[in-house]
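As structure tokens, the structure follows; a few thoughts come after it.
Here, each number is a calculation from the coordinates, and none is a lab measurement. Everything numeric here is computed off the predicted structure, so don't read it as measured data. Every residue, glycine among them, receives a Cβ derived from its backbone with ideal geometry; neighbour counts consider all protein chains shown.
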Amino acid sequence: MSSPASSALRTLRFGHSPDADDAFMFYGFHAGGAAIHGCRVEHVLEDIQSLNRRALESADLEMTAISAHALARLADRYAVLRCGASMGMGYGPVVVARERRSLHSLRGRPVAVPGPLTTAALLLRIECPECLPIPLMFDRIPAAVASGAFDAGVIIHESQLTYQDEGLVKVTDFGELWRDREGLPVPLGLDVVRRDLGAELMKAVSDGLQASIQYALDHEDEALRYALEFGRGLDMTKGRQFVRMYVNDLTLDMGDIGRRALERLYELAVKAGAIERAPELDVV
């Protein structure tokens, strides 16, 4: 039975993907090393395309991970948290195929993407607008490409470290492309907070999530063991590598570099006709 004090706490639901890096960031809340005053934080696990759709259709989660792509349609409901962003500093979603080929060779060809609102799909639209993107659950993409059902696929999450084990080869790594061409990390996912919580609670959410991430970094081994429960078969070595890829300095605070990366993403998306206009970046 809950005590009167605990029952009086407000519940804030935090939607995130069932993967190791998001779970790692939540560890401070899980372990009691971080909190939001007067609130209980619960995590809601859904794949990123489902979270994008849920934010668009109901906006019922007080705080949630979304794709940077989806923010273009959600900025009126959600503000961006300065912490929790996934930005690839020289690595990102990877276009894979069964044999070596160029990205331009995929013009007019079916390419599996992990949902139309994902940033992976947006990056493909920007770089190869003539291909035929077909949505598929992210964890089914490597096998679908290996089977020949698709000419190529854009992979995210742990598959970025394991696609070679399935006999696939890299066509393009969008993170490498952004590093070499833009001199910026590629922005992928964001954590956002619902605007109707009000300025004070929005700020408390941001501070609480930052404290949760910092606690996980300060207790890395314990946080990794927890995170690998969501790691879909990653061992400790690959799990540590994957988490360190997407939980970095820009995750603690995206700062000016992260903001510039987002602005550039939306600029390219507008030019490609993928979005009508760039969203205003209201960062909490």
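Here the Gaussian network model covers the chain, with springs between Cα atoms less than 10 Å apart; of Lys170, Lys238, Lys271, Lys271 fluctuates the most. Of the GluC sites (Glu not before Pro) found in region 46-107, those that fall in a DSSP loop while having at most 10 other beta-carbon atoms within 10 Å are Glu99. Is region 94-181 best put as rounded, prolate or oblate by its Cα gyration tensor, with a ≥ b ≥ c the root eigenvalues, rounded for a/c under 1.5, and otherwise prolate when a/b is larger than b/c, oblate when not? Taking the square roots of the gyration eigenvalues as a ≥ b ≥ c, region 94-181 is rounded.
Length gained on full extension, Asp235 to Ala272: 9.4 nm, using 0.36 nm per residue less the C-alpha separation. For the chain, the relative contact order works out to 30 percent when only alpha carbon pairs closer than 8 Å and six or more residues apart are counted.
The alpha-carbon of Lys203 sits under 15 angstrom from the alpha-carbons of these aspartates and glutamates, leaving out residues fewer than 8 places away in its chain: Glu62, Asp191, Asp253, Asp282.
Straight Cα distances below 24 angstrom link Lys238 to the lysines Lys170, with same-chain residues fewer than 8 positions distant left out. Fewest neighbouring Cβ atoms within 10 Å first, the residues Leu106, Leu122, Leu136 line up as Leu136, Leu106, Leu122.
Set the Förster radius R0 to 35 Å, insert the Cβ-Cβ distance between Glu280 and His43 as r into 1/(1 + (r/R0)^6), and round the FRET efficiency to 0.05.
0.80
The aspartates and glutamates whose alpha-carbon is closer than 13 Å to the alpha-carbon of Lys271, local same-chain residues fewer than 8 away aside, are Glu127, Glu263.
Helix-derived [θ] at 222 nm for the chain: sum -39500 (n - 2.57) over DSSP H runs of at least 4, divide by residue count, nearest 500?
So the calculated ellipticity at 222 nm is -11500 deg cm²/dmol.
Label-to-label distance, Ala8 versus Glu220, with points set 7 angstrom from Cα along the beta-carbon direction: 4.1 nm. Using 0.36 nm per residue and subtracting the Cα-Cα separation, the extra length available between Arg100 and Glu166 on full extension is 22.3 nm.
Ranked by the mean number of other Cβ atoms within 10 Å per residue, highest first, peptides 17-24, 87-94 order as 17-24, 87-94. The residues packed around Lys238, meaning those with a beta-carbon under 13 Å from its beta-carbon, carry a net charge of -2 if Lys and Arg are +1 and Asp and Glu are -1.
Per-residue extension of 0.36 nm, minus the Cα-Cα distance of Asp256 and Ala31, leaves a gain of 77.9 nm for this segment. Put the Cα centre of region 159-204 next to the Cα centre of region 205-221 and the gap is 19 Å. Checking (i) 18.5, 57; (ii) 18.5, 63; (iii) 19.5, 64 against Rg and Dmax of the Cα atoms in Å calculated from these atoms, the matching label is (ii). Charge tally around Ala223: other residues with Cβ under 13 Å, Lys/Arg +1 each, Asp/Glu -1 each, net -4. Report the one residue of Val192, Phe230, Ala70 whose Cα lies farthest in the direction of the positive end of the charge dipole of the chain (charges on C-beta: Lys and Arg +1, Asp and Glu -1; origin at the Cα centre). After comparing all options, I get Ala70. Under a Gaussian network description of the chain, with springs only between Cα atoms under 10 Å, the residue in Ala149, Ala79, Ala227 that fluctuates furthest is Ala149.
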